[in-house]
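Let me begin by presenting the structure, written as structure tokens, before commenting on it.
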Amino acid sequence: MTPVLSILLCLGLCLCKRTRTQAADELRKPSLRAENSSLVPEGETVTLRCRASWEAEKWKLEKRGESGWSQIKSVRGAGDEGEFSLLSVTSSNAGTYRCLYSYCLYKQGHSFSLWSECSDPLELVVTDLSPPPSLAALPSSEVAPGQNVTLQCGSEQWYGWCVLYKDGEEISRSRTQRHERGRLADFFFPAVNLTHDGTYRCYGFHSSSPYLWSSPSAPLVLRVSDAAAQDYTVGNLVRLILAGLVLILLGVLLAEHWKSSRGQPIQGVLD
């Protein structure tokens, strides 16, 4: 086989469509994300997408275990994104993932098939594996700007940790404290403002299983009212009350006048 034919064959196997001269260490590592969310209820399907900086020939998904990283899926196909579907997830699918891809490098008349750097790790959490905690706002779920509020996540399941989500995004997590009926975690917000307005949920999990979470709590809607609008409403209410009192007073005066008019003798008839 001639050198030219060997190079062309390698180029075909590598699916190279253009000359690439960058060295391996110049490549950007891929990114790994979970479609929709990295929180997946038990029994649902999730798709993990590995995106490269250019076209790849092969994609590999790895999961971290007790003995290190191991490959769990591999797919072929040209393009700048590889797709991995996990069907009907269970607790065994929870954990930390990363991906990488192979690409073809053509340099100085030679073609090489190399592997990229690994992506940053992605933590996949499986939920709905235990009863949900409860979430309450203290002193109230309706507060004015500048006031303090505490969101309290509690459960009888003795969860070691609670995680607080706002509008679908994690904002905080905290260790729980012993309580007479289980465990509690307090999330304190000093001097709230309008950015704290939203819908909150919390999850619980045991310290020994950080990727296995409970079902979410019932949603709690925190309303931070505008102080100016609140003052305007109170002012209107005061005005309405004063107007009502004036009307009542006028009604009483008219009634008294009517009664006194009926009791007064008609001039001329008595004469």
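Key figures for this structure:
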| read-out | value |
| --- | --- |
| Count of region 122-146 residues which are in a loop (DSSP other than H, G, I, E, B) and without any contact (Cβ under 8 Å) to a residue 60 or more places away in the chain | 2 |
| Among residues of region 110-128, those that are of a type in the set (Val, Ile, Thr) and within 17 Å of residue 57 (Cβ to Cβ), counted | 0 |
| Evaluation of residue 92 against (1) at pLDDT below 95; (2) in a helix (DSSP H, G or I); (3) under 23 Å from residue 205 (Cα atoms) (one fails), failing number | (1) |
| Residue, farthest from residue 181 (Cα to Cα), within region 98-121, restricted to residues that are in contact with a Pro (Cβ under 7 Å, 6 or more places away or on another chain) and in a strand (DSSP E or B) | 101 |
| Residue 132 within 24 Å of the chain's Cα centre (by Cα), surrounded by 12 or more Cβ atoms within 10 Å (Cβ to Cβ) and closer than 30 Å to residue 197 by Cβ | yes |
| Qualifying strands (runs of 3 or more DSSP E) (wholly inside region 161-250; at least 3 residues being surrounded by 14 or more Cβ atoms within 10 Å (Cβ to Cβ) and free of Cβ contacts under 8 Å to residues at least 40 places away in the same chain) | 169-175, 182-189 |
| Subset tally (residues that are buried (at least 16 other Cβ atoms within 10 Å of the Cβ) and within 19 Å of residue 48 (Cβ to Cβ)) for region 97-117 | 7 |
| Candidate set: region 54-81, residues that are among the acidic types (Asp, Glu) and out of contact with any Gly (no Cβ under 9 Å at 6 or more places or on another chain); chosen: the one surrounded by the most Cβ atoms within 10 Å (Cβ to Cβ) | 62 |
| Output for region 2-52, where each listed residue is modelled with pLDDT of 50 or more, small (Gly, Ala, Ser) and either touching a strand residue (DSSP E or B) at 6+ places or on another chain (Cβ under 9 Å) or not assigned by TED's automatic domain parsing to the domain that holds residue 100 (or both) | 31, 34, 37, 38, 52 |
| Of all residues making up region 148-159, the number that are of a type outside the set (Val, Ile, Thr) and surrounded by fewer than 16 Cβ atoms within 10 Å (Cβ to Cβ) | 3 |
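The values are calculated or read from the model by the stated rules, or taken from the named source; none is laboratory data. Just so you know, these numbers come straight off a predicted model, no measurement behind them. Positions of Cβ are backbone-derived with ideal geometry, glycine not excepted, and every protein chain shown enters the neighbour counts.
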